1. When the convex hull of the Cα atoms of the chain is projected onto a plane and the area is averaged over all directions, what value comes out in nm²?
2. Given points 7 Å out from each Cα along the Cα-Cβ axis, report the R25 to S60 separation in nanometres with one decimal.
3. Quick check on the exposure proxy: order W48, W11, W199 from fewest to most C-beta atoms within 10 angstrom.
4. In region 79-123, which residues have a backbone nitrogen under 11 Å from the label point lying 7 Å from T141's Cα in the Cα-to-Cβ direction?
5. What does the charge count around G44 come to, taking other residues whose C-beta lies under 13 Å from its C-beta (Lys +1, Arg +1, Asp -1, Glu -1)?
6. Determine, from the Cβ-Cβ distance of E51 and K261 and an R0 of 35 Å, the FRET efficiency 1/(1 + (r/R0)^6), rounded to the nearest 0.05.
7. Cut-off under 20 Å on the C-alpha distance; same-chain residues fewer than 8 positions from K26 excluded. Which aspartates and glutamates are left, in chain and number order?
8. Calculate, for R243 and S150, the FRET efficiency according to 1/(1 + (r/R0)^6) with r their C-beta to C-beta distance and R0 45 Å; round to the nearest 0.05.
Amino acid sequence: MYKFSIVIPTWNNLPHLQLMIASLRKNSHFKNQLIVFVNEGKDGTATWLKEQSDVEFLSSDKNVGICVAVNACRTLVKSDYIVYFNDDMYVCPDWDYEIHREIEKIGHDKFILSSTLIEPYPVDNPSYVSVVKDFGDSITTFKERDLLDSFRSLHKEDWSGSSWPPTIVSTRVWDIVGGYSIEFSPGMYSDPDFSMKLWKYGVRIFKGVGASKIYHFQSKSTNRVKKNRGNAMFMLKWGMSVRDFYNNYLQMGQPYRRELKEQQSTDDFFGKLKRAYKAFRS
């Protein structure tokens, strides 16, 4: 029985995917299921995956985006927990053991957890959570040995607001909320939408685990995609902005203290609804 089912959408990013899978093989504590969705695959990704006996994969001859990809991978899942990764990541040793320990402490499956990212560059967002330490921003500049020697000393306390990959939810809860919403394809703002669906179901544990570390090369695939107008879509669908949801509901970026409580939106709903509508019309 697998401990976790790891879902990785990829889009013509074979060198990073190979590094990602190598790190999962080398640095995971448990035997986990590896599932890849190949978007387009013009770089030989599918051919390489056929040679990997421990990786299951699905593919599309065009880029169908994140939402369709992760939902398709659900059909192959064989464990109680789904972990969604980007393909431009590298897992540090025992990342999954720390997640398992947290799940054991929680004692139920109404949660969403995240590992903590280590990234080479700061992000201009006060709510964004990562440890900034440059171990390289590409395959050729990656300082793997330095990362493995020092990642445990890069302390980060548990934080509130888990919403972006890598995320861990139970397969049962995933099925109840229906996975990722394909109207957000190719994927921009699909993360807060998924989190809102969890919130509506009653999930109140949105927790980043400080001891579980993942190195992130920072959007080697998403920088290439034509982006959808996800922020406006979120407003039209849920009646509040992503910023309001992240800051006032999920308390994103704040130290984790306890399960979250019910909140009321502070947004000027009708004013922002008009702006969202105008954004779609333009």
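All of the numbers you see were taken from the coordinates with simple rules; none came from a lab. Keep in mind the model is a prediction, meaning the values are calculated, not measured. Quick reminder, even Gly has a Cβ in these numbers, built from the backbone with ideal geometry, and neighbours come from all protein chains shown.
1. 14.5 nm²
2. 2.8 nm
3. Final ranking by Cβ density, sparse to dense: W48, W199, W11.
4. Only 120-121 pass the distance filter.
5. For residues surrounding G44, the net value is -1.
6. That pair, E51 with K261, gives E of 0.10.
7. Once the sequence-local aspartates and glutamates are set aside, what remains near K26 is E51, D54, E56, D87, D88, D94, D96, E98, E144, D146, D149.
8. That pair, R243 with S150, gives E of 0.85.
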